[in-house]
Amino acid sequence: MAQKIIEKILTGLSDRNIRFDDLRRVLARLGFDERIKGDHHIFTREGVMEILNIQPLKDGKAKPYQVKQVRNVILGYQLHKEV
């Protein structure tokens, strides 16, 4: 399941259709630690300089610009090769 979501994120063709919970699962699978403050889910990982701060939309989907940020981190650090 996570592999399909990662592929969907990496294509960049459906940033508006990524479910927030799926994005959280992918980040957890890639070894990110999650901290929650209100509706902000903050993800960090040793060796990754960026801090990913994501929030859900009212419809349960992830914000498209945040999906893009996650994609840039995955590609920039070659994390997709670890799954």
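The values are calculated or read from the model by the stated rules, or taken from the named source; none is laboratory data. Just so we're clear, the structure is a prediction, and the values are computed from it rather than from any experiment. In this analysis, Cβ positions are derived from the backbone assuming ideal geometry, glycine residues included, and neighbour counts consider all displayed protein chains. The area values use the complete protein model at the heavy-atom level, side chains included, leaving out ligands, DNA and RNA. Shrake-Rupley method; radii C 1.70, N 1.55, O 1.52, S 1.80 Å.
How many of the residues in segment 59-83 are open to solvent by 40 Å² or more (accessible area, probe 1.4 Å) and of a type in the set (A, V, I, L, M)?
Counting residues in segment 59-83 that are open to solvent by 40 Å² or more (accessible area, probe 1.4 Å) and of a type in the set (A, V, I, L, M) gives 2.
Taking into account only those residues within segment 33-58 that are part of a loop (DSSP other than H, G, I, E, B) and in contact with a helix residue (DSSP H, G or I) (Cβ under 9 Å, 6 or more places away or on another chain), which is least open to solvent (accessible area, probe 1.4 Å)?
Only one residue tops the list, namely Gln55.
Just checking, how many residues over segment 1-27 are part of a helix (DSSP H, G or I) and open to solvent by less than 60 Å² (accessible area, probe 1.4 Å)?
Within segment 1-27, residues that are part of a helix (DSSP H, G or I) and open to solvent by less than 60 Å² (accessible area, probe 1.4 Å) number 11.
Six or more apart or on different chains, Cβ under 6 Å: which pairs go from a residue in segment 1-23 that's over 9 Å from Val67 (Cβ atoms) to one that's in a helix (DSSP H, G or I) and open to solvent by less than 20 Å² (accessible area, probe 1.4 Å)? Could you list them?
Close Cβ pairs (under 6 Å, with a partner that is in a helix (DSSP H, G or I) and open to solvent by less than 20 Å² (accessible area, probe 1.4 Å)) amount to Ala2/Val26; Ile5/Val26; Ile6/Val26.
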